[in-house]
Structure formats: structure tokens, C-alpha cells
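Working notes, structure below.
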Amino acid sequence: MGNKTVLITGVGKRIGLALAQHLLAEGYDVIGTYRTRYDSIEALKAAGADLYCVDFYDDTQLSAFIATIQATYPSLRAIVHNASDWLPEGQATPAETLAKMMQIHVGVPYQINLALQALLTAHDGTADIVHLSDYVAEKGSKKHIAYAASKAALNNLTLSFAAQLAPKVKVNAVAPAMIMFNPDDDEQYRAKTLKKSLMEIEPGAQEVVEAITYLLNSQYVTGRVLPVDGGRHLK
Ligand SMILES: NC(=O)C1=CN([C@@H]2O[C@H](COP(=O)(O)OP(=O)(O)OC[C@H]3O[C@@H](n4cnc5c(N)ncnc54)[C@H](OP(=O)(O)O)[C@@H]3O)[C@@H](O)[C@H]2O)C=CC1
Ligand SMILES: Nc1nc2c(c(=O)[nH]1)N=C([C@H](O)[C@@H](O)CO)CN2
């Protein structure tokens, strides 16, 4: 792996997969984590990515993954924290839902950033951390309360790590609203959701890939949460 190694969490599908494919095509070396072994994982391996199977809900697996990265790679150009669970209230107990949301969206980025900051500062040039947040971090969500709270905490991590790691490492978040539906979203939900933004479209993963690429290419933006939300705040 060369001087353009990017670690992306959750590359098995959708936005994480699109980002991994884009950065590979741009000549980056990609380290990706996955939990479920989709066909996409084999394709990413064939395209040259280093892939690690990690369930971030398992602290032992998280610690072992961090140790492996520390022992294997001399530096990192960027870390993109994409891995996420969109858990609504009611699927598990409140305690379990909150614990999982705080783990995947706060505990994992917090521990990886602290443990791998030396690899970022070892990069020959400015390095980046990008957190994948959500519009609802600012607005709240009636049906994803713990999820929204955890994304708000992730936005706060962005501020602290930006201040701590500047100027060698820029730290930002991307806060999408509707980017892409899930396969089981019915027509009624899709129509209702599209109406929530001014643009009223489902832009697709590339919209977030472009936002992340903008942040990676910037020499000046840090400590910011970049909205990618179709003007939802004005609806
Ligand atoms: N899609 C959208 O419209 C929006 C997305 N976002 C944010 O953008 C990011 C990407 O979104 P999207 O692609 O839709 O996300 P998905 O939910 O489709 O995929 C998230 C990825 O994270 C992985 N993951 C989840 N939990 C764990 C875990 N415990 N350990 C390891 N990996 C895990 C999943 O693996 P597995 O497949 O095995 O479950 C999956 O590959 C997320 O942070 C999301 O919150 C924000 C607003 C809107
Ligand atoms: N990890 C995920 N987070 C979010 C998802 C998702 O599929 N996985 N989807 C959304 C929705 O698109 C929402 O923005 C509109 O219904 C939010 N976060």
C-alpha cells in the first residue's frame, strides 16, 4: 500500500461500496471493513482492496482490527467512518438500541481515531477523517431517537478531533438526508420522504461520494459538518 491509503468502514453495500469503488478507480489504496460477506466484497478484493471482516458490536473484534491496522500499515491518507445501523425504537430494548447506536456511531469512530491518529500524522501531507453523520443530528427523529442522538454526538466528535489534530489532519462530517432508499421502502414511504426536501429526489450514493471527495481535496475546510440534504431545512 502506498501513500494514498484510505480506511473506509462498512464497504459491503450502498454508500460505503460506492466510495470504495470510486477511490480505487482514482488510484487510492483502500482498506475496507465489512460485516456481511456480499458478492461485492469479492469484487473489491479483486480490485485490490484490503478487506477485513469486523463486527463493530464486538469489542474484541474492534480491538483486534485496530491492532492489525497499526501493525500492518505505516500511514493513512484518510479514515472514513461510514459503518452505521439505522435502528428505530422498538426493535430491541431501549437500553440495547441506545448502546448499539452509541457504539457504532460514537464508540467506534472515537476509538479508531485515537488509536490510528499516529498513522494519519505519519502521512506525507495533510490527512483527513470524515464522519458520516445525518441531517437528523440537528433536527432529531421521532422514530430513530437513539440513532439521531448518536449522530449528534458524532458531530461533536468532529469538533473535538478537528481541534486536536489540526493542522496535520482535517476532520469533517458529511450530514446527508435522503440519499438512497432501502429495498423494502414502499411507495407510500418513498413519496412521503421525497416531499421532505426542496429538491424532492433520491440523489443516490454518488452525491455523498462527491461530498467526501471535496473534503479530501480541500486544504482548508476542517471542523465542519457538510450538509447534503436537498434543502430539507427549508421545507
Ligand atoms: N442512505 C441514506 O439515505 C442516508 C445515509 N446516511 C449515512 O450514510 C452512511 C451510509 O449510509 P448507507 O450506505 O445507507 O448505510 P447502510 O445502512 O446501507 O450500510 C451501512 C454499512 O455499515 C455496516 N455495519 C452496520 N453495523 C455494523 C457493525 N456493527 N459492524 C460492522 N459493520 C456494520 C453494514 O454492514 P452489513 O451490511 O453487514 O449490515 C453496512 O455495510 C451511514 O453512516 C448512514 O447513517 C445518512 C443519511 C441518509
Ligand atoms: N445506516 C443507515 N443510516 C440511514 C439510512 C440507511 O439506510 N442506513 N437511511 C436513512 C434514510 O434515507 C433517511 O434519511 C430518510 O428516510 C437515514 N440514515
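Things to note:
- Subtracting the Cα-Cα distance of residue 124 and residue 70 from their residue separation scaled by 0.36 nm leaves 17.7 nm.
- Over the range 2-234, relative contact order from alpha-carbon pairs under 8 Å, at least 6 apart, %: 18 percent
- To put it simply, the accessible area of the chain at a 1.4 Å probe is 55 percent carbon and sulfur.
- Inverting the pair-averaged 1/r between distinct Cα atoms of the range 12-61 gives 11.1 Å as its Kirkwood hydrodynamic radius.
- Estimated FRET transfer efficiency (residue 111, residue 156; beta-carbon r; R0 25 Å; 0.05): 0.95
- Seen from residue 57, the other residues with C-beta closer than 11 Å to its C-beta sum to a net charge of -3, counting Lys and Arg as +1 and Asp and Glu as -1.
- Most fluctuating residue given options 166, 177, 25, as computed from a GNM of the chain linking Cα atoms under 10 Å: 25
- Dimensionless Rg/Rh of the chain - Kirkwood Rh, Rg from C-alpha atoms: 0.95
- When the Gaussian network model of the chain links Cα atoms closer than 10 Å, the mean-square fluctuations of 195, 100, 168 top out at 195.
- The chain - charge dipole about Cα centre, Lys and Arg +1 at Cβ, Asp and Glu -1, debye rounded to 20: 540 debye
- Scaled radius of gyration (Cα, divided by 2.2 N^0.38 Å) that the range 1-140 gives: 1.05
- Amide H contacts under 5 Å for residue 128: 78, 79, 170, restricted to partners 5 or more places along the chain or on a different chain, H placed in the peptide plane at 1.01 Å from N.
- 3J(HN,Hα) couplings calculated from phi for the range 50-59 with the Karplus curve 6.51 cos²θ - 1.76 cosθ + 1.60 (θ = phi - 60°) are, in sequence order, 8, 10, 10, 7, 9, 9, 5, 6, 9, 4 Hz; Gly and Pro show x.
The values are calculated or read from the model by the stated rules, or taken from the named source; none is laboratory data. In this text, all values refer to a predicted model and were calculated from it rather than measured experimentally. All Cβ positions, even for glycine, are placed from backbone atoms using ideal geometry, and neighbour counts span all protein chains on display. Remember, those area values only see protein heavy atoms, side chains included, never the ligands or the DNA or RNA. Shrake-Rupley method; radii C 1.70, N 1.55, O 1.52, S 1.80 Å.
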